[in-house]
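Read through the structure below, which is laid out as structure tokens, and then see the notes.
The values are calculated or read from the model by the stated rules, or taken from the named source; none is laboratory data. Keep in mind that this is a model prediction, so the values were computed, not measured. Methodologically, a virtual Cβ is constructed for each residue, glycine included, from the backbone with ideal geometry; neighbour enumeration extends over all protein chains shown. Heavy atoms of the whole protein, side chains included, go into the accessibility calculation; ligands, DNA and RNA do not. Shrake-Rupley method; radii C 1.70, N 1.55, O 1.52, S 1.80 Å.
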Amino acid sequence: MATFRTKHDPQRYTFEGFGSDKYPNLMLRGAGHLDNWTLDVYEQQHEGYVALKKALKMEPVAVTEEVKTSGIRGRGGAGFPAGLKWSFMPKDTPERKFTRYVVCNADEGEPGTFKDRAIMEYNPHQLIEGVIISAWAMQCQLGFIYVRGEFLWLIEKLEHALQEARNAGYLGKDIQGTGWDFDILVHRGAGAYICGEETALLNSLEGRRGEPRVKPPFPAAKGAFGQPTTINNVETLAAVPPILRMGGAEYAKIGRPKNTGTRVFCLSGHIKRPGLYELPLGLPLDFIMNDLAGGSSTGKKIKAIIPGGASAPAFSEKEFSTPMDFDSVRDAGSMAGSGGVIFMDEDTCMVQACLRLIRFYAHESCGQCTPCREGCNWMEMILHRIEHGQGRMEDLDLLASITPNIAGKTLCALGDAACGPMDSMLQKFRPEFEHHITHKACMVNGHHLLAKVGGH
Amino acid sequence: MNHPLPPETADHALATGERLPKSERVDFSPEAIAEIQAIAAKYPDKLAATLPALHIAQREFGFVSLDAMKAVARALSIPEGHVFGVASFYTMYQKKPVGKFHLQVCTNICCALNGGAEFLEKVCEKTGCTPGGGPSPDGLWSVEEAECLASCGSAPCMQVNADVYDEYLDDAKLKGILESCERGEYRAWAE
Ligand SMILES: Cc1cc2nc3c(=O)[nH]c(=O)nc-3n(C[C@H](O)[C@H](O)[C@H](O)COP(=O)(O)O)c2cc1C
Ligand code: SF4
Ligand code: FES
């Protein structure tokens with residue numbers, strides 16, 4: 001019943017110079033080639049499972065240390081140092097033995113992000129190897145890969161790749177003669193953005209509604225099935241084999257201090273060459289946009305860029321030279337988030353763009369806490385009436401007064417995520433909102449961003 | 001997340017206290033029950049099999065009716081209320097029948113910037129469906145407005161049933177996709 005991809009994949013995975021020393025290719029080896037995903041290809045062409053064999057000869061804590069040395073920060077959203085996160089897992093003592101789990105977050109749902117999908121499509125074994133190494137470092141008994149429900153064909157591929165790994169003795173009982181047993185289960189989600197939030201993901205994994213949990217306790221103390229658990233993004237875990245192969249210190253030379261390594265940027269929107277660009281951290285955004293991706297696709301000037309997935313506050317022109325790494329993007333008032341970079345040209349109506357995003361958050365709010373549930377809906381309704389020519393000037397101050405009552409007051413970060421686009425777009429493109437109110441129409445003339453039919 | 005209550009499989013609304021006749025109750029085949037229990041055994045706790053079992057219910061029965069939820073509860077010996085709660089939370093569990101080809105069109109920001117919203121209108125026009133409005137009269141199509149499908153770089157995009165996505169869509173491609181569906185080149189819903 002397995003249906004692997006047979007259709008040509010139209011995504012772009014490379015650019016001029018990719019794979020050279022300047023732009024190392026660590027995450028996208030062979031991407032785009034339909035037969036790249038098998039164990040044979042991985043072992044013969046991409047140094048497959050070399051890192052695992054090396055790791056299994058090291059003490060588990062030494063593996064964690066190596067990852068700490070690499071400086072790699074989480075690629076899923078928050079940018080938390082991965083090695084440090086691993087070190088929070090409790091260790092066995094003579095009095096107490098723990099059951100520990102590792103969970104890979106493959107729920108990829110942040111608008112603008114499409115990198116994890118490519119890793120699973122073309123290099124599932126690199127992810128599996130990364131999960132096994134992380135599990136060795138933390139001495140886990142079982143691993144889970146939580147994949148969003150729409151990716152059924154990738155789930156079937158992962159299952160197949162896992163079986164290949166079991167047959168080759170990389171997974172299962174007594175892995176490579178170490179006496180250590182470990183296996184990985186693939187868990188299919190069912191269409192809920194919020195399940196990308198780590199504690200909602202744990203609830204969903206346990207068979208519950210995907211509602212985030214109150215933290216603390218953090219997953220390292222009480223995670224999946226009540227046991228110590230570490231959750232990492234696909235890209236974070238898939239970066240572990242290259243880190244182990246080259247050594248943490250060598251990996252840390254890529255990028256910038258405290259912002260090390262490469263990351264897979266997802267370029268979308270009004271950009272001439274959209275697609276995945278694996279780049280060392282710290283390259284200026286305008287260099288990526290103009291020199292690598294060919295600039296605007298419409299011939300019109302780019303007016304706004306969302307630098308880290310839809311939840312990140314938007315940049316306007318004066319921030320376009322920001323180096324794309326965690327700290328610089330944060331200092332410029334946004335967040336590097338998931339690496340999804342969305343370009344909007346000057347014909348994009350920012351009121352519609354904002355409404356489309358807020359509608360997404362209002363729809364995906366799990367409804368557990370009032371500021372997010374009510375606040376996102378209010379913002380949606382107010383934006384809706386502005387968009388439909390019934391706005392009042394006071395509405396803009398009203399919108400600005402709602403976000404401080406959501407941000408920082410909610411159980412999970414979805415509330416803050418909704419405030420990012422709202423605040424930034426209103427502040428930076430306020431004349432467009434005012435124009436909408438006074439003229440009852442868009443200031444610009446691009447694609448209509450809201451379908452005239454349906455809704456959710 | 002607010003979702004409509006699932007309909008019973010009876011053709012009329014049930015009065016208080018009225019139960020479905022036995023013959024209308026859906027139940028899993030012994031093979032499906034074995035499959036569900038095998039999945040449950042892999043997890044530290046059988047409750048974790050709720051989502052997989054609901055996926056199996058959707059595959060077996062075409063959509064997740066109230067009765068399908070009850071069948072899941074029976075197969076796993078877990079409370080019905082738990083299964084209802086879970087099924088109503090997740091949008092991929094269809095609580096109403098869908099067409100043989102369920103077209104999920106992304107209209108989120110990156111797709112919309114490249115014409116995704118207009119594309120959804122086109123899909124509705126060609127199939128005679130409204131988003132979330134159930135199958136077309138011939139039962140062939142249904143349409144849903146999807147949130148980001150993780151295909152933003154090749155926008156606009158759409159998923160037909162659970163198939164590999166169709167990307168960089170335009171009118172000509174839509175025509176081609178609808179025709180290949182009619183020729184049976186896509187897996188039908190729940191197949
Ligand atoms: C609303 C929301 C959605 C999220 N969605 C995802 C997601 O789809 N994939 C992901 O890896 N992380 C997502 N995250 C971040 C996770 O909570 C978590 O920080 C991450 O998986 C940790 O992995 P990392 O340390 O490797 O980045 C989301 C967070 C929030 C608040
Ligand atoms: S912030 Fe929103 S999504 Fe997160 S727990 Fe609260 S209601 Fe749910
Ligand atoms: S916005 Fe349509 S696939 Fe991401």
Compute the separation of the alpha-carbon centres of region B:139-191 and region A:391-456 and state it in Å as a whole number.
31 Å
So A:M393 and A:K97, fully extended at 0.36 nm per residue minus their Cα-Cα distance, gain in nm 100.4 nm
Quick tally, 1.4 Å probe accessible area for B:K96, B:K122, sorted with the most first, runs B:K96, B:K122
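Give, in nm to one decimal, the length gained when the segment between A:A221 and A:K318 is fully stretched (0.36 nm per residue of separation minus the Cα-Cα distance).
30.6 nm
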Order A:R385, B:R74, most accessible first, counting only protein heavy atoms with a 1.4 angstrom probe.
B:R74, A:R385
Around B:F84, with a cut-off of 11 angstrom between Cβ atoms, what is the net charge of the other residues, counting Lys and Arg +1 and Asp and Glu -1?
+2
Write down the accessible area per residue of region A:39-252 in Å², having rolled a 1.4 Å probe over the full set of protein chains.
32 Å²
What residues qualify as long-range amide H neighbours of A:F144, i.e. H under 5 Å apart, gap of 5 or more or another chain, H built at 1.01 Å from N?
A:V102, A:V103, A:C104, A:L185
Work out which residues of region B:100-131 lose at minimum 30 square angstrom of accessible surface when the other protein chains are put back, relative to the chain isolated, with a 1.4 angstrom probe, and list them by number.
B:N108, B:I109, B:C110, B:A112, B:L113, B:N114, B:A117, B:E118, B:E121, B:P131
Report the A-B buried area as the accessible area lost on both sides summed, probe 1.4 Å, in Å² to the nearest 100.
5200 Å²
Tell me which residues come under 5 Å, amide H to amide H, from A:F265 once H is placed; ignore anything under 5 positions away on its chain.
A:Y277, A:E278, A:L279
Using alpha carbons only, how many angstrom separate the centre of region B:26-81 from the centre of region A:266-333?
45 Å
Carbon plus sulfur fraction of accessible area for region A:260-345, probe 1.4 Å, in percent:
51 percent
Take A:S401 and B:D27, extend 7 Å from each Cα along the Cα→Cβ direction, and tell me the distance between the two endpoints in nm.
6.1 nm
Between B:D45 and A:T14, what is the FRET efficiency for a Förster distance of 41 Å, r being their Cβ-Cβ separation, to the nearest 0.05?
0.40
Evaluate peptide A:11-18: per residue, the Cβ atoms of other protein chains within 10 Å of its Cβ; return the mean as an integer.
1
Global form of region A:196-274, assessed from the alpha-carbon gyration tensor, a/c cut-off 1.5:
oblate
Gain in length, A:R385 to A:K57, computed as 0.36 nm per residue apart minus the alpha-carbon separation, to one decimal in nm?
111.8 nm
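Using 1/(1 + (r/R0)^6) with R0 = 35 angstrom and r between the beta carbons of B:K173 and B:S77, what's the FRET efficiency to the nearest 0.05?
0.15
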Taking H as built 1.01 Å from N, whose amide H comes closer than 5 Å to the amide H of A:G79, not counting residues under 5 places away?
A:G74
Provide B:K126, B:K95 ordered by accessible surface of protein heavy atoms (probe 1.4 Å), highest first.
B:K126, B:K95
Would you mind telling me which residue in B:T91, B:T16, B:T130 has the biggest mean-square fluctuation in a Gaussian network model of chain B, where springs connect alpha carbons within a distance under 10 angstrom?
B:T16
Could you check how many percent of all C-alpha pairs in the protein assembly as shown are farther apart than 41 Å?
24 percent
Computed ³J(HN,Hα) along region B:149-162: with the Karplus parameters 6.51/-1.76/1.60, θ = phi - 60°, integer Hz and x for glycine or proline, the list is 9, 6, 8, 5, x, 10, 7, x, 9, 8, 10, 9, 6, 9
Give the Debye-formula value of log10 I(q)/I(0) at each listed q (0.07, 0.11, 0.14, 0.16 Å⁻¹), with one equal scatterer per alpha carbon of region A:39-252, two decimals each.
-0.18, -0.47, -0.79, -1.06
Residue by residue, what Karplus-based ³J(HN,Hα) values in Hz, rounded to whole numbers, does region B:176-191 have, using 6.51, -1.76 and 1.60 with θ = phi - 60° and x for Gly and Pro?
x, 5, 4, 5, 5, 4, 4, 7, x, 8, 10, 5, 5, 3, 6, 8
For region B:22-89, report the % of Cα-Cα distances exceeding 15 Å.
43 percent
Taking the Cβ-Cβ separation of A:N445 and A:D291 as r and a Förster radius of 30 Å, what is the calculated FRET efficiency to the nearest 0.05?
0.55
Express as a percent, rounded to the nearest 5, the fraction of DSSP beta bridges in the protein assembly as shown (both residues included) that run antiparallel.
45 percent
Note to self: with every protein chain in place and a 1.4 Å probe, region A:350-439 gives an accessible area per residue in Å² of 38 Å²
Looking only at region A:404-427, which residues have a backbone nitrogen under 18 Å from a spot 7 Å from the Cα of A:T370 in the C-beta direction?
A:404-412, A:415-416
